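Asks: Quick one: structure below, then a few questions.
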Amino acid sequence: MKYRSAFDIIGPVMIGPSSSHTAGAARIGRVARTLFGKQPNKAIISLYGSFAKTYRGHGTDVAVVGGILDFDTDDERIPTSLTIAQEAGMEVSFTIEDTVMDHPNTVKIRLFDEDNELELVGISIGGGTIEITELNTFKLKLSGEHPAILVVHNDVFGIISSVSTVLANHEINIGHMEVSRKEKGQMALMVIEVDQKIKNEVMKEIERLENVSQVIRMVE
Amino acid sequence: MFRNVAELVELAESKNVKIAEIMILQEMEFSGLSREQIIEKMDRNLTVMEQAVERGLNGVQSVTGLTGGDAVLLQNYIKSGKALAGDLLLDAVSKAVATNEVNAAMGMICATPTAGSAGVVPGTLFAVKEKLNPTRAEMIEFLFTSAAFGFVVANNASISGAAGGCQAEVGSASGMAAAAIVELAGGTPSQSAEAMAITLKNMLGLVCDPVAGLVEVPCVKRNAMGASNAITAADMALAGITSRIPCDEVIDAMYKIGLTMPVALRETAEGGLAATPTGRRLAEEIFGSYK
């Protein structure tokens with residue numbers, strides 16, 4: 001069953017005009033914000049395919065920025081998000097790309113502040129449903145609908161078992177998990193979707209593990 | 001758990017309850033939420049729909065200027081007393097248009113089942129409301145009944161224009177509304193299924209060909225006709241007319257038609273009305289002015 005809830009059919013409540021080009025775009029922006037952990041100083045947004053061709057009429061631009069400002073799909077501030085971002089001191093720029101991507105509705109978001117930088121690629125697959133396909137150039141698949149932990153770590157043996165042992169000790173069930181790396185033995189990324197919310201102590205425990213360099217929490 | 005319309009009707013008839021009740025029970029089981037919480041959640045969606053209709057009837061314009069103001073024209077026309085069709089039918093059409101005009105103007109709506117087809121279900125509900133005077137609880141049930149039929153289409157066919165054309169969006173919305181109208185008017189679960197089948201049969205093959213790729217032309221007017229189709233089919237089913245092809249087979253036919261539909265006619269703005277000389281000119285005017 002692709003759809004499981006009555007509210008997948010009657011819902012979501014959203015700012016128009018398009019569930020894919022507006023609501024989905026806002027959701028991708030909001031996932032980027034959540035993964036960044038705070039409001040960035042600067043956002044560079046690259047639009048591809050149908051997003052690049054129709055973003056103004058669909059409000060894809062204001063929707064992505066609204067998401068980065070942590071607005072939900074039904075937030076009435078979405079149409080004025082560019083002004084709100086400016087007032088909040090967040091510098092926003094857009095690039096319209098010609099490159100043909102695998103999915104017609106693709107956006108790349110880069111967020112910055114003094115110390116941090118994040119790059120994320122997301123696709124909007126219809127009806128407001130999204131997927132994050134790339135994070136800091138790591139390939140991954142993340143819906144943003146479930147609590148998840150993203151662990152940046154060295155590609156060494158035993159690391160998966162160390163992380164999953166922490167989760168098991170806290171009785172956290174793993175729903176979906178994948179590991180991606182750019183090169184053997186180099187930096188790698190673990191994406192773990194779980195059924196429960198993740199407490200701070202769990203995060204800290206994973207952060208303390210050997211060979212783990214960063215832990216990001218995704219709760220929605 | 002129901003997987004198709006036949007099972008949905010069978011469940012409702014064997015338990016002697018409304019289809020809305022079957023959907024509520026399933027939602028309780030799936031989400032773990034209480035009945036009250038689920039009803040409250042749908043009540044909030046109903047409020048959003050009411051506000052969108054109200055806003056649209058006051059007149060809105062989209063960013064591009066392609067759509068807006070037609071709901072007002074139609075309401076004024078109804079008031080003039082010259083309307084050929086019945087007032088209820090035109091009221092439903094105008095309220096469906098109102099919702100989609102608000103959507104095109106970046107206002108707040110509730111996707112039913114998508115944003116592009118968000119007008120049909122609320123449009124018909126708020127028009128039929130004037131005649132049947134339902135309670136708030138019955139209006140919420142209307143949405144659960146719509147959801148139950150939409151749920152079957154979404155899982156057995158599609159509710160995405162990119163996947164199945166407009167038949168999957170406005171077609172689905174129209175069928176969902178027809179089934180819910182029948183239930184609100186006191187029809188049986190079987191009659192709801194007949195209304196859905198009759199509606200969908202008349203939406204089969206409808207392509208998704210939005211001008212400039214925007215959810216405006218012809219989406220707003222397709223919602224108008226979706227609402228009109230739903231009310232007519234509901235009346236036919238309530239009159240005792242049945243579909244020779246069962247509802248589940250119509251849904252399956254819709255799915256297969258969607259699979260064979262050319263990509264140019266599935267939300268790419270490359271064919272159909274989007275590819276007409278005027279459609280292309282409008283696209284150029286809109287996007288040209290943005291450069």
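Coordinate-derived values only; no laboratory data. Note that the coordinates shown come from a computational prediction; the quantities given were computed from them, not determined experimentally. For neighbour counting, all protein chains shown are included, and Cβ atoms are generated from backbone atoms with ideal geometry for every residue, glycine included.
Asks: Do you know the relative contact order of region A:6-142, to the nearest whole percent, from alpha carbon pairs under 8 angstrom that are 6+ apart? Before the final figure, lay out each step's value.
Replies: Working: 299 pairs, mean separation 42.7, N = 137.
Rounded, it is 31 percent for region A:6-142.
Asks: List the lysines whose Cα lies under 29 Å from the Cα of residue A:139, skipping any in the same chain that are fewer than 8 positions away.
Replies: A:2, A:38, A:42, A:53, A:108, A:182, A:184, A:197, A:199, A:204
Asks: Moving to a separate point now. Show me B:62-68, A:17-23, B:117-123 ranked by packing, highest mean number of other Cβ atoms within 10 Å first.
Replies: Values: B:62-68: 20.6, A:17-23: 29.7, B:117-123: 34.1.
The peptides rank, most packed first, as B:117-123, A:17-23, B:62-68.
Asks: Region B:1-72 to region B:188-257: how many Å between their Cα centroids?
Replies: Using only Cα atoms, the two centres lie 17 Å from each other.
Asks: Let me ask something else. Find the Cα radius of gyration of region B:109-266, compare it with 2.2 N^0.38 Å by division, and give the number to two decimals. Intermediate values should be presented prior to the final figure.
Replies: Details: Rg = 14.4 Å, N = 158, 2.2 N^0.38 = 15.1 Å.
That ratio works out to 0.95.
Asks: What's the Kirkwood radius of region A:6-142 in Å, using all Cα pairs? Walk me through the numbers on the way to the answer.
Replies: Details: mean 1/r = 0.0691 Å⁻¹.
Radius from the Kirkwood sum: 14.5 Å.
Asks: Using DSSP to define loop residues, name the trypsin sites (Lys or Arg not before Pro) in region B:51-113 whose beta-carbon has at most 13 other beta-carbon atoms within 10 Å. Walk me through the intermediate numbers first.
Replies: Values: sites: B:55, B:79, B:82, B:95; in loops: B:82.
Within region B:51-113, the qualifying trypsin sites (Lys or Arg not before Pro) (loop, at most 13 other Cβ atoms within 10 Å) are B:82.
Asks: Work out the charge dipole of the protein assembly as shown with +1 on the Cβ of Lys and Arg and -1 on the Cβ of Asp and Glu about the Cα centre, then indicate which of B:171, A:202, B:16 is farthest towards its positive end.
Replies: B:171
Asks: Summarise the partner chain shielding of A:50-58 as one whole number: the mean count of Cβ atoms from other chains within 10 Å of each residue's Cβ.
Replies: Numbers: counts 5, 0, 0, 5, 9, 2, 7, 16, 7.
What the average comes to for A:50-58 is 6.
Asks: Under a point-charge model restricted to the Cβ atoms of Lys and Arg (+1) and Asp and Glu (-1), what is the dipole moment magnitude of chain B relative to its Cα centre, in debye to the nearest 20? It would help to have the intermediate numbers written out before the result.
Replies: Working: 22 positive and 31 negative charges, 122 e Å.
The calculated dipole for chain B is roughly 580 debye.
Asks: Could you name the aspartates and glutamates whose alpha carbon sits less than 18 Å from that of residue B:256, not counting residues in the same chain fewer than 8 places away?
Replies: Once the sequence-local aspartates and glutamates are set aside, what remains near residue B:256 is B:169, B:248, B:267.
Asks: Going by Cα centres, region A:129-203 and region A:39-62 are how many Å apart?
Replies: Between the Cα centre of region A:129-203 and that of region A:39-62, the gap is 28 Å.
Asks: How large is the helix-only mean residue ellipticity at 222 nm for chain B, computed as the sum of -39500 (n - 2.57) over DSSP H runs with n ≥ 4, divided by its residue count, in deg cm²/dmol to the nearest 500? Don't skip to the end; give the middle numbers.
Replies: Details: 13 runs with 185 residues, N = 291.
Value at 222 nm, helices only: -20500 deg cm²/dmol.
Asks: Positive end of the dipole of chain B, charges at C-beta (+1 Lys, Arg; -1 Asp, Glu), about the Cα centre: which of B:25, B:90, B:192 has its Cα farthest in that direction?
Replies: Value computed over the given set: B:90.
Asks: Continuing with this model, one more query. Please list, by residue number, every one of the GluC sites (Glu not before Pro) in region A:1-106 that is coil in DSSP and has at most 14 other beta-carbon atoms within 10 Å. Walk me through the numbers on the way to the answer.
Replies: Values: sites: A:76, A:87, A:91, A:97; in loops: A:76, A:97.
Here the sparse-neighbourhood loop sites are A:76.
Asks: Oh, and also: Between the DSSP loop rule and a limit of at most 10 other Cβ atoms within 10 Å, which GluC sites (Glu not before Pro) in region A:175-218 are left?
Replies: Numbers: sites: A:178, A:183, A:193, A:201, A:205, A:207, A:210; in loops: A:183, A:210.
Here the sparse-neighbourhood loop sites are A:183, A:210.
Asks: So, one more: Please report, to one decimal in angstroms, the Kirkwood hydrodynamic radius of chain B built from all distinct Cα-Cα pairs.
Replies: Working: mean 1/r = 0.0528 Å⁻¹.
The Cα-based Kirkwood calculation yields 18.9 Å.
Asks: How large, in Å, is region A:104-143 by the Kirkwood hydrodynamic radius built from its alpha-carbon pairs? Write out the running numbers ahead of the final one.
Replies: On the way: mean 1/r = 0.0931 Å⁻¹.
One over the average 1/r among Cα pairs gives 10.7 Å for region A:104-143.
Asks: Along the Cα→Cβ direction, 7 angstrom out, place labels at residue B:84 and residue A:93. What is the inter-label distance in nm?
Replies: 5.9 nm
Asks: Right, another one. Could you pull the Cα extents of the protein assembly as shown along its three principal axes, largest to smallest, in whole Å?
Replies: Largest to smallest, the principal-axis extents are 75, 57, 41 Å.
Asks: To make sure I understand the rule: partners must be lysines, Cα under 26 Å from the Cα of residue B:82, and not fewer than 8 residues away in the same chain. Which ones qualify?
Replies: Within the straight-line cut-off, residue B:82 pairs with B:95, B:129, B:131, B:221.
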